[in-house]
Number of protein chains: 4
Amino acid sequence: MGYNLRLTISCPDKRGLISALSSFVAMHDGNILSADQYVSDGERFFMRLEIEGKGFGLEREEFDAAFAPLARRHGMDWRTSHTDIPKRMSILVSRYDHCLIDILWRWDAGELDADIPLVVSNHPDLAPRVEAYGIPFHHLPVTKATKVEQEAEMLELLSEHEIDVVVLARYMQILGPDFIAAYPEGIINIHHSFLPAFVGADPYRRAHERGVKTIGATAHYVTEELDAGPIIHQDVAHVTHRATVEDLVRLGREVERRVLARAVHWRLEDRILLDGTRTVVFE
Amino acid sequence: MGYNLRLTISCPDKRGLISALSSFVAMHDGNILSADQYVSDGERFFMRLEIEGKGFGLEREEFDAAFAPLARRHGMDWRTSHTDIPKRMSILVSRYDHCLIDILWRWDAGELDADIPLVVSNHPDLAPRVEAYGIPFHHLPVTKATKVEQEAEMLELLSEHEIDVVVLARYMQILGPDFIAAYPEGIINIHHSFLPAFVGADPYRRAHERGVKTIGATAHYVTEELDAGPIIHQDVAHVTHRATVEDLVRLGREVERRVLARAVHWRLEDRILLDGTRTVVFE
Amino acid sequence: MGYNLRLTISCPDKRGLISALSSFVAMHDGNILSADQYVSDGERFFMRLEIEGKGFGLEREEFDAAFAPLARRHGMDWRTSHTDIPKRMSILVSRYDHCLIDILWRWDAGELDADIPLVVSNHPDLAPRVEAYGIPFHHLPVTKATKVEQEAEMLELLSEHEIDVVVLARYMQILGPDFIAAYPEGIINIHHSFLPAFVGADPYRRAHERGVKTIGATAHYVTEELDAGPIIHQDVAHVTHRATVEDLVRLGREVERRVLARAVHWRLEDRILLDGTRTVVFE
Amino acid sequence: MGYNLRLTISCPDKRGLISALSSFVAMHDGNILSADQYVSDGERFFMRLEIEGKGFGLEREEFDAAFAPLARRHGMDWRTSHTDIPKRMSILVSRYDHCLIDILWRWDAGELDADIPLVVSNHPDLAPRVEAYGIPFHHLPVTKATKVEQEAEMLELLSEHEIDVVVLARYMQILGPDFIAAYPEGIINIHHSFLPAFVGADPYRRAHERGVKTIGATAHYVTEELDAGPIIHQDVAHVTHRATVEDLVRLGREVERRVLARAVHWRLEDRILLDGTRTVVFE
């Protein structure tokens, strides 16, 4: 088989889980390429296994049936993915293009293993940028009055394209509960501050007013409460008193790009697991 | 003269200030060793000059009278210090010793140019640590009932020892307005988070709950509002989901030490100027 | 006047230079927007002044004649630039596009104040990428046999387009002495290691073999000796034992982009001065 | 049992190793608290397991006999340690005290789980510093003539005290091959540059001459070739043209302290495995 299998698991912790899982793999002649494990507060067990496809005794379509009894016995939440089937990712943007362009460039350079069947925006501005990469651009304008129906339409569009991974690359609309619920594995957002500082609008202006010496960006999963979802990655840049709000915006763009790209990279490699309001990231 | 002179200035911005200041120095045969300048929002002018004592035509005791007319004409706030007269610094601590020890070690290694006539604490625990450096330790226990009078006594003690620079190295008491007012140039505090996130008590526990991927520390000047004073320096450390609250405390100590030491270093070299609720730091 | 004037100076240090310079500006009713100064080892004086055009008493074409006597008396090397006249920049590339694209994106976003009349490459591959930004792309293939004449042609091309600033964005040819001599202010190169480690070819492979835990990139001016010119900026990324050579290349691209963009930004704002084999960077 | 067991393993990679190891633990009712695994270039397998002592069916003195057959079959290099038996660590120093003091402070604060039966120095200067922590200080002066015999004596001294872990905290002597051979698990050294740049003496002076914008420190295992051993950890600090050699030394001390302390921390928790000339660090 020309693919590898990734298996991510979380379940209540108990003795013998690693043994049970690795023995299951060994029993079917599987070779574990990488194994990461974590126990949260002694209570919940998390594991990510990458199993070589070559020589593995379970066909792709046999795996689920073979694994299900073990998973059920231990109460496991589990998912598989196959490295020969790229995830299907869509990016939502508004007018700022820096995060979008960075993702598209990395994707084009082979850094991000995904198909990108479409980019969706509530503004028409970035169409040429997206189409230059051969990716269809959908313009779905949103007003207060049309928000609910437009989100429903967007959901349908994403569903038609069988999108697995949704990334908000500075999408300047707050998503409604139905949209969020449709992606239980998590919609990735980039916020332009080191959360929990400067939740909400205009963080660079507020950072300047407060006179901070560090600005940052945070990639997190979207929840109904604004900027309060599980944090995936954060990074910062040092700034001095000389930096104007415009300088903070410029320097911040660099941090935002880097932080969001890293989070997307991990997501596409199934390295992010949810632990309540926190994330487990097997880097 | 075996000393250099440091002159720090802030005043309303206008044309010709650098010229007026540097010409004043040149007129008295002074050599400017370093000059830093900044204009805040086009409105307020800040400058720091270091003038070589050797060859300078103004004696120490003549400077003020010679400079005052110029300063008055431009509405300058100004201060001088002389590099042969170390500042007199006192450190206030409670029970955590990491920031204190780091400052004392750096001071002993010659990194911090100050006299330290005394360390004051509301707990007796750290006396041996301080006395090992040959520095007197004063124990001033504080209870709710005695707080006001104890602060008054502490102020008197610092005043007797002619203290210029007060540093709170994890001093776990909130200082009253009279104490704060007695040091208008600013009392330096270290807070164990990247402000404005996690103001107040227990920031590491709250950071862990929020699932942050970055922890930090902030050195700032004390104001009556808790953890809201002008920020001098901030730095961070990356953490993963594996870090327990105890790990955050341990990793955070390293950041706190580094951030506070840097702020104290700058303060002793007269590199920090106040710009309303922000600081200008001429690194 | 709708422009500001930048004046950069270096000369032997002596008393009164700041006074002489700022008085010259004041005499002509100039307003100094920013002033940076540095004395290298007590011997050489460096200064950068930004003077507001509005209200300044010297017309653009009068400045040189007015300033020359002062400059001559103090033995100053000096240059001026005007903020309403963008520098003319050309980028040389081969096949790797990450540094190029990053510069073009930043330029397009208004981060880099320059005209880019052409991009030159020894390979045809990146033509579409460059032309998408509306910038002409020149393909000048280079072989061992044709190198000297091709460099002469490139020089002529750059000269025709009145290029001030030459940037090598992973240009994989070693430039000859005539080319280097034609740009005495310095040709900016990005090297994919933290110099002086891993001079020359294949630094990521060698970094992997050495088992380093940090990789880096260095922006420097080109000299005849390979990777030995004055360093402008450096940054690093942490890596673990898990990183393959390919991972280092991927992570390194991010550092290279950031470091080169920063150096170009400083160059375009006249913030880099040469101090022998070192640079003075007034950030 | 009031202790946990740490088991570190390396062996040729093959299918089923994780299963074999975790099944061995499970068979004896062991609970795996943490598991880290890595395969180097598809050829060599590394694993670190932390097993809860409570409930584990193998007594401490039974473990080796029970595990040996499995280890032999797979050609494993393996080691165990028990968390109730602190490692025995000795620190070698010369005259610089910053790394030493930092380790002692962290040890005293409970960050480093070790016994420190003695500190050894070729100079008498730091005796009071060490003895203040209640640790015996041995002065073993070294001259060219006495080097071999002094090293032999030092080895005997360390052997008498049953030292497991040797740390060179800026010990300014090159150790001979017999000394190095006596600690096959590795002697930790701190070098004050980001290796492989500035191998050997005076790295800060040479860094200043080269005009670098970043300085660093490297913790590595000692080999006979100077500063060429496997790298454990590296970090850097940014510097500007304003930094003198003395400033680099001062700023570098901070990086050295941090990097060495981190390496020692990992060593004491059995997180560092050797992979030829590289290290595997299970952070």
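Considering only protein heavy atoms and a probe of 1.4 Å, how much of the accessible area of the stretch A:4-82 is carbon and sulfur, as a whole percent?
Summing carbon and sulfur atoms, their accessible area is 46 percent of the total for the stretch A:4-82.
About the Cα centre of the stretch B:4-82, how large is the charge dipole given +1 on each Lys and Arg Cβ and -1 on each Asp and Glu Cβ? Please answer in debye to the nearest 20.
160 debye
To the nearest hundred square angstrom, how large is the accessible surface buried between A and B, total for both chains, probe 1.4 angstrom?
2900 Å²
Please report, in Å, the Rg and the Dmax of the protein assembly as shown, where both are computed over Cα atoms only.
Reported Rg and Dmax, both Å: 31.3, 93.
Just name one of A:12, A:28, A:56: the one whose Cα is farthest towards the positive end of the charge dipole of the stretch A:4-82 (beta-carbon charges, Lys/Arg +1, Asp/Glu -1).
The residue sitting farthest along the positive end of the dipole is A:12.
Quick one: check the C-alpha center-to-center distance for the stretch B:200-228 versus the stretch D:1-73, whole angstrom.
Result: 40 Å between the Cα centres.
Is there a simple number for the mean count of other chain Cβ atoms within 10 Å of the Cβ of residues in D:194-200, and what is it?
5
Which whole-number percent is the relative contact order of chain C (Cα, under 8 Å, 6+ apart)?
Dividing the mean separation by the residue count of chain C yields 15 percent.
Roughly how many percent of the accessible protein surface of the stretch C:85-137 is carbon and sulfur, given a 1.4 Å probe and a whole-percent answer?
Using a 1.4 Å probe with all protein chains present, the stretch C:85-137 comes out at 50 percent carbon and sulfur.
From other protein chains only, count the Cβ atoms within 10 Å of every residue's Cβ in A:123-132, then give the mean.
Mean shielding count: 1.
So which residue of A has the beta-carbon closest to the axis that swings A onto B, and how many whole Å away?
In residue-and-Å form, the answer is A:197, 2.
Compute the label-point distances linking residue B:62 to its equivalents in the other copies; points lie 7 Å from Cα along Cα→Cβ; give nm, one decimal, shortest first.
Taking the point 7 Å beyond Cα along Cα→Cβ, the inter-copy spacings are 3.8, 9.1, 9.9 nm.
In the stretch C:130-234, with Lys and Arg counted as +1 and Asp and Glu as -1 at Cβ, which of these residues, C:199, C:130, C:174, has the Cα nearest the positive end of the dipole, that is, farthest along it?
C:199
Which value results for Rg/Rh of the stretch D:4-82 when Rg is the Cα radius of gyration and Rh the Kirkwood radius based on the inverse mean 1/r?
Using only Cα positions, Rg/Rh for the stretch D:4-82 is 0.94.
Using a 10 Å cut-off on Cβ to Cβ distances, tally the other chain neighbours for every residue of D:12-23 and report the average as a whole number.
For peptide D:12-23, the averaged partner shielding equals 6.
Can you give the three extents of the C-alpha atoms in chain C along their principal axes, from longest to shortest, in whole Å?
Extents along the principal axes, in whole Å: 61, 39, 36.
Please identify every one of the trypsin sites (Lys or Arg not before Pro) in the stretch A:32-136 that sits in a loop by DSSP and has no more than 14 other beta carbons within 10 Å of its own beta carbon.
Listed in order of number, the matching sites are A:54, A:95.
Would you give the gap between the C-alpha center of the stretch C:134-152 and the C-alpha center of the stretch B:120-194, rounded to a whole Å?
What the calculation gives is 70 Å, centre to centre.
Run the numbers on the stretch D:1-114 and let me know its relative contact order in percent, using alpha-carbon pairs under 8 Å that are six or more apart.
It comes to 34 percent, rounded to a whole number.
Could you tell me the relative contact order of the stretch C:74-230? Use alpha-carbon pairs under 8 Å, at least six residues apart, and round to a whole percent.
21 percent
For residue A:199, place a label point 7 Å out from Cα along the Cα→Cβ vector, do the same in each other copy, and report the separations in nm, one decimal, smallest first.
1.4, 5.5, 5.5
Would you tally the net charge around residue A:30, using a Cβ to Cβ cut-off of less than 14 Å, leaving residue A:30 out, and scoring K and R as +1, D and E as -1?
-1
Please compute the net charge surrounding residue D:57, taking Lys and Arg as +1 and Asp and Glu as -1 over other residues with Cβ under 15 Å from its Cβ.
-3
Under DSSP H, which helices of chain C have Cα atoms covering 30 Å or more of the helix axis and a Kyte-Doolittle average no less than -0.5?
C:245-268
Find the accessible area per residue for the protein assembly as shown; the probe is 1.4 Å, ligands and nucleic acids are left out, and the unit is Å².
Spelled out: the 1.4 Å probe surface of the protein assembly as shown, per residue, equals 39 Å².
With the label 7 angstrom out along Cα to Cβ, how close does residue A:123 come to the same site in each of the other copies, in nm, nearest first?
Counterpart label points of residue A:123 in the remaining copies fall at 3.5, 5.3, 6.2 nm.
What's the local net charge at residue D:140, with K and R +1, D and E -1, over the other residues with C-beta under 12 Å away?
-3
Dipole magnitude of the protein assembly as shown about its Cα centre, charges +1 at Lys/Arg Cβ and -1 at Asp/Glu Cβ only, in debye to the nearest 20?
Dipole magnitude for the protein assembly as shown comes out near 0 debye.
Any idea what the dipole of chain C comes to, in debye rounded to 20, about its Cα centre with Lys/Arg Cβ at +1 and Asp/Glu Cβ at -1?
Using Cβ point charges on Lys, Arg, Asp and Glu, chain C gives about 940 debye.
Exceeding 28 Å between C-alpha atoms, which entries from my cross-link table qualify? They are C:213/D:213; A:54/A:87; C:54/C:87; B:87/C:14; B:87/B:144; A:87/B:213.
With Cα atoms farther than 28 Å apart: B:87/C:14; B:87/B:144.
The values are calculated or read from the model by the stated rules, or taken from the named source; none is laboratory data. Keep in mind it's a predicted model, so treat the numbers as computed, not measured. Here the Cβ is made from the backbone with ideal geometry for all residues, glycine too, and neighbour counts use every protein chain on show. Ligands, DNA and RNA are stripped out before the accessible areas are found, and what is left, the full protein with its side chains, is counted by its heavy atoms. Shrake-Rupley method; radii C 1.70, N 1.55, O 1.52, S 1.80 Å.
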